[in-house]
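Participant: Got a structure for you, questions after.
The values are calculated or read from the model by the stated rules, or taken from the named source; none is laboratory data. For clarity, every value in this text was computed on a predicted model and none was experimentally measured. Reconstructed Cβ throughout: ideal geometry from the backbone, glycine too, with neighbour counts over all protein chains shown.
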Amino acid sequence: MPEIDPTFTALPLRELADAALSRAASLGASHADIRVVRTQRLHRMLRDARLEASSDSSDLGLSVRVIHEGSWGFAAGVTLTTAEAQRLADQAVAMATVARPLVSTPVELAPEPVHADQTWVSSYDIDPFEVPEADRFARLLDLSERLLAADAVHHATARLLAVKENTFYADLTGTSTTQQRVRIEPDFQAVNVGDGGFATMNTVAPPAGRGWEYLTGTAWDFEEEIAHLPELLAEHAKAPSIEAGRYDLVIEPTNLWLTIHESVAHGTELDRALGYEAAYAGTSFATFDQLGTLQYGSEHMNVTGDRVTEHGLATVGFDDEGVAAQTFDIIKDGVLVGYQLNRQMAQEKGFGRSNGCAYADSAGHIPLQRMPNVSLAPDPQGPDVAGLIAGIDDGIYVIGNKSWSIDMQRYNFQFTGQRFFRIKDGRLAGQVKDVAYQATTTEFWGSMDAVGGPDTYLLAGSLNCGKGQPGQGAPVSHGCPAARFRNVNVLNTAEGDN
Amino acid sequence: MNDIAVSSWVEQAVAASTARECTVIVQESHEVNLRWAANALTTNGSMSQRTATVISTAELADGVSAASVTGPLATAEDLLELVRQADAAAPGAPADDEAQPLVSGQADEDFDHPAYRVGPEDFSGLALDLGTAFERAAAAGHLLFGFAEYRRTTTWLANSAGLRRRAVEPMGRLEVNAKAPDLINSAWVGAQSTDFTDVDVPAMHDELEKRLGWGSTRVDLPAGEYETILPPGAVVDLLVYAYWTMSARDAEQGQNVYAGAERGTTRIGEQLSTLPITIASDPEHQQFQQPPFVILPSSAPGLASVFDNGVPVGRVDWVKDGVLRNLVRTRAGFARSGGTGDLPFPSENLLVDAGGTADLDEMIAGTKRGLLLTCLWYIREVDPQTLLLTGLTRDGVYLIEEGRVTAAVNNFRFNESPIGLLRRATEAGRSEHTLCREWNDWFTCSLAPALRIPDFRMSTVSQAY
């Protein structure tokens, strides 16, 4: 079991907390918290087996957030001294003072038990930052060269992103938590350039809350995926263009996670439903008055939020407001039954306690309500992928994600994918291309007539979900099985004169 | 954060490096922001940040390598530690095809000056204006949502070849969304500013009320092709995508919309529009000043390399008189292509002009029947070959009939390529200072005209509002 990096715990975390919190309290703050956050990032990129980009970066800073006379105030800096911590407390109170005339209702937070001196570390085997550079480069080079060795592959790109995040949180109630998370995303792309243009295909391996072992055989077989990518690309390049129309779809988790992310996970953020994101990311069609009644999808749809799934990208011990990680229902038998919360919204809407969905991507940003791992449950007796396909006379099997877009109420969406296979009479009948599926959220999820069994389940996700102003990125996982959807509108993306 | 002498830390760092060559970049930013929803403040912040990047190079048997290490900077020792890390990492990195000699020469007179600072006091006037706006909105029965952000970033760049450059980038933006109580009738306006002294909140509120007035009548229209006026902000949201994908190398390798018909060629020299449109970037533009030299903590493959740090940047006409004139290359790529003169480097501003003189109202007056799309949203690439983009309208689609706006229309999803739109555009209005909607987190400096598109394609109706 990994331990928290001693170079983080060696920082004067307790002294900074004591200085900031006592200063805020002396200035009359009813709530104060401090976060010290260090994020290390490693980025490598190879194109055609030559190094294209290489950077190692880290952020380290501290911030103080207060509620002063019912108004939020926030200040952040980079110098880790007690004097700076006190200055930030002063500045946060000053911001609250500037803001006070613009606050209509005094801010209150839902109560949370005190979690004193807690530590938590995510589950991984090998810290990617501890792997020798030569080994990292050799692995990316080897997989790149395997792609380039194939006739169908004219160019190949390899990307690796790894992140290690340390967070210290303390507040006036006595809660203090110290945590460490590691995540990694390898991605490979093969390109075919022909007389009629070019075709690309990426690996569909999802990012994971794992270490370097993910790239060497644990939980994903990159050898196998890289070996098959050229033949899939070659078939894709020659595939016929889809005829636009309505089709039944079987969608793999490598694609469906993103549809869940956009149409379900963002749609059930309570801050959106309450209008806090109205000017930017948008609101939600799933308004608060529909809690308990909105038929979000078919009876096969059961969605949970959690911050506890092992290797999940949103998995933590405690959120950025000191709330312990939990699991909760969002959609049950197709009906909206829950929202993602932070402490302010939990108090405002009478939920009693936050379900732990506050997160900020650095000390320099204010914690927002950010999504936990939001996952679609498999059917314990559900079929395998072949069984789902067998139930379709004329349809499309969708694998991997590529392009995505959804409106500001999380309703009208359009997705493409990495590859598409035509389904005829219950069997795959070769690849087609230029496919995008377009639907509305409730229509689409209402058309889901079967979900696959546990063997089809995959925990996928994204390292960088954007939200908020100033903009913040957040890592999030979505688990789901393969699933079948009836009569979905499919566009041909090659049609039109551009 | 105290006003320490960052320049002296930089000098110590460059002197301490034992690498073949060394570049040091320090960036210090100070920001204040306010965010509000439903006529009340939701969050506010005052943030300061200082980071440093050290790029060390090493001579290898097969070329030159580089290592780029970035970290937070609180003390002089932090910067020396980054130097040690970069110096140690460079010999272990593989050779970089983009390697070039460091830029030498210029030393800016203000290199020793401290960072430009902003703080809560810079928003005290805006807070008063917003308080008045909230009262006005409540009295008028509508709701205001929005965000204001003011940041200044000071950059010091120095290298072992003697270059010493300093630049200050101002970034300010204000966006306000007004909604009627039904939340269906919705309008948005935005403004870019470099110091927030020129932002006129009451005037922005007037414009929002005008648009909410337009939305008091609603009609539903089906998907299809419509004559459409894209106002300047929407034009920028689409053209920024075309700007960000202008890699000459990708074009020569047949991998983007700028690829030529023959392998290894590009579309440079091709007439993209019958309008005399110019699309340029210019760091010296009076309203949108950007650093006049390259600043790159890490490479952007095919577009820019860390070896290019410090290269002087000037105006570049990417499209002139409707003809594609330039694509983006690294310095090494520019040399390999036989390029001479200044590197065509893309500054973070976009200046679009086609010589039109009509303002938006005059273009509306010249429309028999069409749509006015005020905001585009969630724009994503569907097909890089044609640069086909999909996205949606939001916060104000209006029907124009007989030269005037007569109603608000439902929202749409569209599938269009900005390259196709340039080719099909039939009229460009007067070029105006504008803030785009979707990309204004990253891109705030733009000047553009409204464009008339005779056949803008709406794929489906969007029920969202």
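Participant: Looking for something in a helix (DSSP H, G or I), among the hydroxyl-bearing types (Ser, Thr, Tyr), touching a residue at least 24 places away in the same chain (Cβ under 8 Å) and surrounded by 21 or more Cβ atoms within 10 Å (Cβ to Cβ) - is there at least one such residue anywhere in the stretch A:187-203?
Facilitator: So far as the stretch A:187-203 goes, no, none of its residues is in a helix (DSSP H, G or I), among the hydroxyl-bearing types (Ser, Thr, Tyr), touching a residue at least 24 places away in the same chain (Cβ under 8 Å) and surrounded by 21 or more Cβ atoms within 10 Å (Cβ to Cβ).
Participant: Take the conditions crowded, with 18+ Cβ neighbours inside 10 Å, aliphatic (A, V, I, L, M), part of a strand (DSSP E or B) and away from every other protein chain (no Cβ under 14 Å) and apply them to A:Leu459. Does it pass?
Facilitator: In short, yes.
Participant: Next question, about the same structure. So, in the stretch B:302-344, exactly how many residues are in contact with a helix residue (DSSP H, G or I) (Cβ under 9 Å, 6 or more places away or on another chain) and of a type in the set (A, V, I, L, M, F, W, C)?
Facilitator: Of the residues in the stretch B:302-344, 11 are in contact with a helix residue (DSSP H, G or I) (Cβ under 9 Å, 6 or more places away or on another chain) and of a type in the set (A, V, I, L, M, F, W, C).
Participant: Kindly list, by first and then second residue, each pair from a residue in the stretch B:188-211 that is under 18 Å from B:Leu128 (Cα atoms) to a residue that is surrounded by fewer than 12 Cβ atoms within 10 Å (Cβ to Cβ) and aliphatic (A, V, I, L, M), limited to pairs with Cβ atoms under 7 Å and residues at least 6 apart or on different chains.
Facilitator: Taking only residues 6 or more apart or on different chains, not a single pair turns up.
Participant: List the number of the failed condition for B:Ile419; all other conditions in (1) assigned to a helix (DSSP H, G or I); (2) more than 9 Å from chain A (Cβ to nearest Cβ); (3) closer than 26 Å to B:Pro283 by Cβ hold.
Facilitator: (2)
Participant: On to the next question. What tally of residues in the stretch B:8-63 results from selecting those that are in contact with a strand residue (DSSP E or B) (Cβ under 6 Å, 6 or more places away or on another chain) and part of a helix (DSSP H, G or I)?
Facilitator: So the answer is 3.
Participant: May I ask you to list the residues in the stretch B:223-269 that are away from every other protein chain (no Cβ under 14 Å), under 20 Å from the mean Cα position of the chain (by Cα) and in a loop (DSSP other than H, G, I, E, B)?
Facilitator: Passing the criteria: B:Pro231, B:Met246.
Participant: Can you tell me which of (1) more than 14 Å from chain A (Cβ to nearest Cβ); (2) within 30 Å of A:Arg419 (Cα to Cα) is the one B:Thr357 doesn't meet?
Facilitator: (2)
Participant: Among the residues of the stretch A:137-144, are any touching a helix residue (DSSP H, G or I) at 6+ places or on another chain (Cβ under 8 Å), in a strand (DSSP E or B) and outside the structural domain of A:Ser462 (by the TED database)?
Facilitator: No, the conditions are met nowhere in the stretch A:137-144.
Participant: Could you list all residues from the stretch B:187-212 that are part of a strand (DSSP E or B) and either among the charged types (D, E, K, R) or touching a Cys at 6+ places or on another chain (Cβ under 7 Å) (or both)?
Facilitator: Of everything in the stretch B:187-212, those that are part of a strand (DSSP E or B) and either among the charged types (D, E, K, R) or touching a Cys at 6+ places or on another chain (Cβ under 7 Å) (or both) turn out to be B:Trp188, B:Gln192.
Participant: Against the definition (facing chain A (nearest Cβ under 10 Å), closer than 30 Å to A:Thr283 by Cα, modelled with pLDDT of 95 or more and surrounded by fewer than 21 Cβ atoms within 10 Å (Cβ to Cβ)), how does B:Arg136 come out, yes or no?
Facilitator: Here the answer is no, as B:Arg136 does not meet what is asked.
Participant: Run down B:Ser247, B:Ser216 and say which single residue is closer than 27 Å to B:Asp359 by Cα and polar (S, T, N, Q).
Facilitator: B:Ser216
Participant: If A:Ala49 passes every condition in (1) facing chain B (nearest Cβ under 7 Å); (2) under 25 Å from B:Ala300 (Cβ atoms); (3) touching a residue at least 60 places away in the same chain (Cβ under 8 Å) but one, which one does it miss?
Facilitator: Answer for A:Ala49: the failing condition is (1).
Participant: From the residues in the stretch A:1-55 that are out of contact with any Lys or Arg (no Cβ under 6 Å at 6 or more places or on another chain), crowded, with 20+ Cβ neighbours inside 10 Å and among the charged types (D, E, K, R), which one is farthest from B:Val83 (Cα to Cα)?
Facilitator: A:Arg23
Participant: Show the residue pairs meeting these rules: Cβ distance below 9 Å; 6+ apart or different chains; first residue within the stretch A:90-108 and more than 7 Å from every other protein chain (Cβ to nearest Cβ); second residue of a type in the set (Phe, Trp, Tyr) and crowded, with 17+ Cβ neighbours inside 10 Å.
Facilitator: Short answer, once both residue conditions are applied: A:Ala92/A:Trp72; A:Ala92/A:Phe74; A:Ala96/A:Trp72; A:Ala96/A:Phe74; A:Val107/A:Trp72.
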